[in-house]
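Notes follow the structure.
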Amino acid sequence: MSTEQKQQKSETALKALDLNPQFLQAFDKMESSSGNILITGRAGTGKSTLLEHFRSVTGKKIAVLAPTGVAAVNVAGQTIHSFFRFRPGVTAEKIKAVKDPLYKELDAIIIDEISMVRADLLDLVDLFLRKNGRKKSAPFGGIQMIFIGDLYQLPPVLTRNDKEVLARRYASEYFFDSDVFRDTLFELIELEKVYRQTDDFFIGLLNGVRNRSITDKQIGMINARLAPHEEEWPENAIHLTTTNAMALERNEQQLARLKGKTYTFKASVKGDFDQKSAPADLRLKLKKGAHVMLLNNDAGGRWVNGSMAVLRGIDDEALHVKLSGGNIERVEPVTWSRFRFIWDDKAKAVASEAIGKFTQYPVKLAWAVTIHKSQGKTFDAVVVDIGRGTFAPGQLYVALSRCRTLEGVYIKAPINKSHIWLDWRVVKFITSYQYCRSDTQLPLAGKVKLVERAIAEGLLLKLTYLKPDDTKSRRQIKPYFVEEMEYRGKSFIGLRAYCQERQADRTFRLDRMLKIEVVGEEE
């Protein structure tokens, strides 16, 4: 495909999307710059859509990676360990130069679900690329790195021993405390428009859970969805559980309740396909009437990955399911491929080749799934079952944010604030990183000069400032004066102004400002 054709394809695809400024900014940076980018955003803000769109139209030579096998299959990519040839127990001493032009020819590497990448793993990636990339002295070998993920969702998976070892070496296990990340410039872009939910009230509740700023009143509103008994749950509701054992137990119990014959379908596995990365069950047991979840995006648009259905019929070649919307559709086996990226010397391009294939019906029993495996999916009705409680940051947030509406959420047992785990190291990183990037673009002295100019010329200002809980607030103001102020014994540069939204005089801290824009004269 020529550059002109790719440009036309990109413009056509962009017109079909419901765009917002952050999406356009992120896409433009990904395509037209060589700088490193960290793209984050709440659940349902289009991070996966952005990745899929960029991959489909980019003129760059790219590789798409993920920290786990399941995540890699979901993005038609490769695991980090596989791509960099890391074996279990890999250490810096074991990383060598390899005779493969792929790593020198890449323009960009995308790592999805970056919140789950450990600090030590990212430093190993940097070391490998310095040995095998284009520039040995440059971070990541001079290759553009694009990280995508919501840091408030699930963290890296660690054993107790992992935690003890990493604690001796790093400030935290997160990627942002790796040596290479701290020493490398990344532009932070946050996708803010939520697409999965449209109700501002529910979005507000979810954000309160996300950053643990939720009030007792808001927790009460979530607990108003308490429904401990099965007869209270709609037929299409899926249980989101904290453990595999809980999900398996419910699925087996519900399947046993159904009368009729049990059908068993064995997956076909060819080549190199790690069973832990399997996108569907190796042995799929079904009965008519079983609640199932579709595991792929149908080419004809009849369903998407995560659509709920009830099995209505089985024949020699297909399953027949009734989707939640009422349509009965024919579902045939699907083949997933496990890829690896290679350099095609003849075409002078990065290519991907399938090294393994997994064929199975794209369904799984779905009376219940784990919260971890629900990540990235969207449901119309969920029963949140945390059992004995949550045990990881972001777990309750991921569970609640899978549902489109608050009315579709059913809580099996009351929740309280102790169930909302938040790693404050994430909050500290996100807030401090945004302040640092803002100060680089316009230092505090520059902000003061801009405000003084607006005061002198009678101009209005538009402020974007960051609250301590990492939520953004935007205000349009008429500035009065800027000077050093004091609050609780601490001094700061303060801006006194009339806030048009609050319709009252307010004081703002200039050091908390991420962005200040002149918007014009007062009418």
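The values are calculated or read from the model by the stated rules, or taken from the named source; none is laboratory data. These figures come from a predicted structure and were not determined experimentally. Glycine also receives a Cβ, built like all others from the backbone with ideal geometry; neighbour counts cover every protein chain displayed. The area values use the complete protein model at the heavy-atom level, side chains included, leaving out ligands, DNA and RNA. Shrake-Rupley method; radii C 1.70, N 1.55, O 1.52, S 1.80 Å.
On C-alpha positions alone, give me the angle between the axis of helix 160-169 and the longest principal axis of the chain, in degrees, nearest 10.
Roughly 30 degrees, rounded to the nearest 10.
Return the whole-Å distance between the Cα centroid of segment 51-122 and the Cα centroid of segment 461-523.
Centre-to-centre (Cα) distance: 42 Å.
Counting pairs of alpha carbon atoms under 8 Å apart in space and at least six apart in sequence, what relative contact order in percent does the chain give? Intermediate values should be presented prior to the final figure.
Details: 1001 pairs, mean separation 72.0, N = 523.
Relative contact order, the chain: 14 percent.
Please report the carbon-and-sulfur percent of the accessible area for the chain; probe 1.4 Å, protein heavy atoms only, DNA, RNA and ligands left out. Let's see the in-between values first.
On the way: 12420 of 25760 Å².
The nonpolar share, carbon plus sulfur, comes to 48 percent.
So what is the accessible area of the chain per residue, in Å², with the probe set to 1.4 Å?
49 Å²
Restricting to DSSP H runs of at least four residues, report the calculated mean residue ellipticity at 222 nm for the chain, -39500 (n - 2.57) per run over all residues, nearest 500 deg cm²/dmol. Show your work: numbers first, answer last.
Numbers: 16 runs with 155 residues, N = 523.
Calculated mean residue ellipticity at 222 nm is -8500 deg cm²/dmol.
Please compute P(r) over all alpha-carbon pairs of segment 222-299, binned at 10 Å starting from zero, and give each bin as a whole-number percent.
13, 39, 33, 13, 2, 0
Defining a contact as two alpha carbons under 8 Å apart and six or more residues distant in sequence, what relative contact order in percent does segment 170-320 show?
On the way: 105 pairs, mean separation 17.3, N = 151.
Across segment 170-320, relative contact order equals 11 percent.
How much net charge surrounds GLY389 when only the other residues with a Cβ under 13 Å from the Cβ of GLY389 are counted, with Lys and Arg +1 and Asp and Glu -1? All intermediate terms of the calculation are to be shown ahead of the outcome.
Working: positive: ARG388, LYS412, LYS417; negative: ASP385.
Once positives and negatives cancel, what remains is +2.
State the volume of the convex hull built on the alpha-carbon positions of segment 21-74, expressed per residue in Å³ and rounded to an integer. Walk me through the numbers on the way to the answer.
Numbers: hull volume 5.4 nm³, N = 54.
Value for segment 21-74: 101 Å³ per residue.
For the Cα atoms of the chain, what angle does the longest principal axis make with the long axis of helix 3-16, in degrees from 0 to 90, nearest 10?
Its long axis makes an angle of about 90 degrees.
Which lysines, if any, have their Cα less than 16 Å from the Cα of LYS136, not counting same-chain residues under 8 positions apart?
The reachable lysines, counting only those whose Cα sits under 16 Å from LYS136, are LYS96, LYS99, LYS104.
Please compute the Kirkwood hydrodynamic radius over the chain, one decimal place, Å, based on all pairs of different Cα atoms.
Working: mean 1/r = 0.0393 Å⁻¹.
After inverting the pairwise mean of 1/r, the radius is 25.4 Å.
Taking 0.36 nm per residue of separation and subtracting the Cα-Cα distance, what length does fully extending ALA92 through GLU31 add? Could the numbers behind the result be given before it?
Values: separation 61, 0.36 × 61 = 21.96 nm, distance 3.17 nm.
Computed gain between ALA92 and GLU31 is 18.8 nm.
Net charge within 12 Å of VAL180 by Cβ-Cβ distance, Lys/Arg positive one each and Asp/Glu negative one each, not counting VAL180 itself? Spell out each step's value before the answer.
Values: positive: ARG130, ARG182; negative: ASP120, ASP123, ASP126, ASP177, ASP179, ASP183.
Local charge sum for VAL180: -4.
Is there a quick way to get the dipole size of the chain? I mean about its Cα centre, with the Cβ of Lys and Arg at +1 and of Asp and Glu at -1; what is the value in debye to the nearest 20?
Working: 80 positive and 65 negative charges, 246 e Å.
It comes to approximately 1180 debye.
What distance in nm separates the two pseudo spin-label positions at LYS467 and VAL448, each 7 Å out from Cα along the beta-carbon direction?
The answer from the label model is 2.9 nm.
Summing Lys, Arg as +1 and Asp, Glu as -1, what charge do residues with Cβ under 11 Å from the Cβ of LYS270 carry, LYS270 excluded?
On the way: positive: ARG338, LYS357; negative: ASP272.
Spelling it out: positives minus negatives among the neighbours equals +1.
Could you tell me how many degrees, from 0 to 90 and to the nearest 10, lie between the Cα long axis of helix 244-257 and the main elongation axis, the longest principal axis, of the Cα atoms of the chain?
With both axes taken from Cα atoms, the answer is about 40 degrees.
Counting only DSSP beta bridges with both residues in the chain, what percent are antiparallel, rounded to the nearest 5?
Close to 65 percent.
Can you return the aspartates and glutamates within cross-link range of LYS515? Criterion is Cα-Cα under 17 Å, with same-chain partners fewer than 8 residues away left out.
Cross-link targets: GLU187, GLU190, GLU192, ASP439, GLU452, ASP470.
Which value, in Å² rounded to 10, gives the accessible area of TRP424 with a 1.4 Å probe and all protein chains present?
For TRP424, solvent-accessible area is about 140 Å².
What shape does segment 302-364 have by the C-alpha gyration tensor, where a ≥ b ≥ c are the square roots of the eigenvalues, rounded means a/c under 1.5, and otherwise prolate means a/b greater than b/c and oblate the rest?
Values: a/c = 4.05, a/b = 2.71, b/c = 1.49.
Taking the square roots of the gyration eigenvalues as a ≥ b ≥ c, segment 302-364 is prolate.
Test of understanding: express the Cα radius of gyration of segment 338-470 as a ratio to 2.2 N^0.38 Å, with N the residue count. Walk me through the intermediate numbers first.
Numbers: Rg = 24.3 Å, N = 133, 2.2 N^0.38 = 14.1 Å.
Rounded to two decimals, the normalised Rg is 1.72.
Sequence gap at least 6, Cα distance under 8 Å: using those rules, report the relative contact order of segment 385-482 to the nearest whole percent. Before the final figure, lay out each step's value.
On the way: 75 pairs, mean separation 21.2, N = 98.
So the answer I get is 22 percent.
Can you tell me the order of 182-193, 235-246 when each peptide is scored by its average per-residue count of other Cβ atoms within 10 angstrom, highest first? Don't jump to the answer; show the numbers that get you there.
Working: 182-193: 15.2, 235-246: 19.5.
By packing density, highest mean first, the sequence is 235-246, 182-193.
Say the cut-off is 22 Å between C-alpha atoms; which of LYS60/LYS472; LYS261/LYS285; LYS447/LYS472; LYS47/LYS276; LYS322/LYS364; LYS287/LYS377 go over it?
Numbers: LYS60/LYS472 33 Å; LYS261/LYS285 10 Å; LYS447/LYS472 18 Å; LYS47/LYS276 25 Å; LYS322/LYS364 14 Å; LYS287/LYS377 24 Å.
Exceeds cut-off: LYS60/LYS472; LYS47/LYS276; LYS287/LYS377.
Using a 7 Å offset from the Cα along the Cα-to-Cβ direction at both ASP316 and THR49, what is the distance between the two label points in nm, to one decimal?
4.3 nm
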